[in-house]
Amino acid sequence: MKKIVLAASLLLAAPAFAQDLAMGTELGTTPQAILTALSDMGWDVRKVQAEDGLIEAYAVMGKQLAEIYVDPTTGRITRIASHD
Amino acid sequence: MTDTTQHKGARLAAAPAPAFGVRVWDPLVRMIHWSVAAGVLVNAAIVDEESATHELIGYAVLGLVLTRLVWGLVGTPHARFSAFPPNPAAAVRHLAGLLRRPHRAYLSHNPAGALMVYNLWAVLIGLAATGYMMGTPRYFGMEWVLDVHEGLFAWLIISVVLHVAGVILDSRMTGVPLVRAMIDGRKRLRDPTEMRE
Ligand code: HEM
């Protein structure tokens, strides 16, 4: 029983990382803060750059590829483009 | 047909240098050429580079180039690699010879054109390869892959400009309308004895 609960919680824990990323999620107002926040969530951050007044991060987790756009004035995600 | 009443000899004498059309480019070569050119143009100038359409066109162009490469081994005579082997020394000699007359017409690509053609194919394959890599977990967001893709694209544009300039220059110097030949498949040579593979 304990094993089943453990397995279930592990299964639930894995996608929880991805769930953390949503429109409005606060990541930070600087490239460095965004890199740290995403890395802490388990993302492999490949690149962070300024793009059209936003900060754009390229991040990978397993087979998930995401381009994450953050508004530097609020520190929140305004767009997520995921490819997989 | 206004001169049908004239003496036959007079008509021949008055006619311009006889055009001698040789079938050189088969339909597959022509279809691939203009489809690749259109694909490059659309992807470079019209389609959003982050769109799925950009990827789709890129792979379509890759498919066409790979098909052409197979055709270079098993295709019609003038389309085969053996008709236009890559030969840098011959290309340099050809370019140096542009200042001299007479200018030779080739049934396949001239030696400089041949190098350009191999260059264009290599660049297109490199673009498709780096484009594919960008969508894999391993290379997604990697700066150098993007840099190589963009560098290849810049070189492609330079190459195409040189390619079209070369086509125009060769057409003028040899009197063979090359663009027309890439459309209807025939090279019209002024002097058939001058032709070379
Ligand atoms: C993105 C644009 C283009 C690309 C990538 C491209 C590429 C190529 C390639 C790979 C070949 C070799 C064909 C083969 O052996 O299968 C070729 C030949 C040729 N291309 Fe293009 N081309 C482009 C645009 C053009 C344009 C705009 C013209 C018209 C001015 C043109 C005219 C020709 C001609 C006439 C040949 C045959 C040359 C000869 O007789 O040796 N190309 N091109």
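The values are calculated or read from the model by the stated rules, or taken from the named source; none is laboratory data. Predicted model only: the values in this text are computed from it and were never measured. Every residue, glycine as well, gets a Cβ built from its backbone with ideal geometry; the counts of neighbours run over all protein chains shown. The area values use the complete protein model at the heavy-atom level, side chains included, leaving out ligands, DNA and RNA. Shrake-Rupley method; radii C 1.70, N 1.55, O 1.52, S 1.80 Å.
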Which numbered condition in (1) free of Cβ contacts under 8 Å to residues at least 60 places away in the same chain; (2) away from chain A (no Cβ under 14 Å); (3) crowded, with 16+ Cβ neighbours inside 10 Å is the only one that B:L146 fails?
(2)
May I ask you to list the residues in the range A:24-43 that are within 14 Å of another protein chain (Cβ to nearest Cβ) and surrounded by 16 or more Cβ atoms within 10 Å (Cβ to Cβ)?
A:P31, A:I34, A:L35, A:L38, A:W43
Could you check the range B:74-121 and list, in sequence order, the residues that are within 10 Å of the ligand (Cβ to nearest atom) and small (G, A, S)?
B:G75, B:A79, B:A83, B:A105, B:S108, B:A112, B:G113, B:A114
I need every pair where a residue in the range B:108-122 that is more than 17 Å from B:A96 (Cα to Cα) and open to solvent by less than 20 Å² (accessible area, probe 1.4 Å) has its Cβ under 6 Å from the Cβ of a residue that is more than 8 Å from the ligand (Cβ to nearest atom) and not charged (D, E, K, R), sequence separation at least 6 or different chains.
B:S108/B:H78; B:S108/B:A83
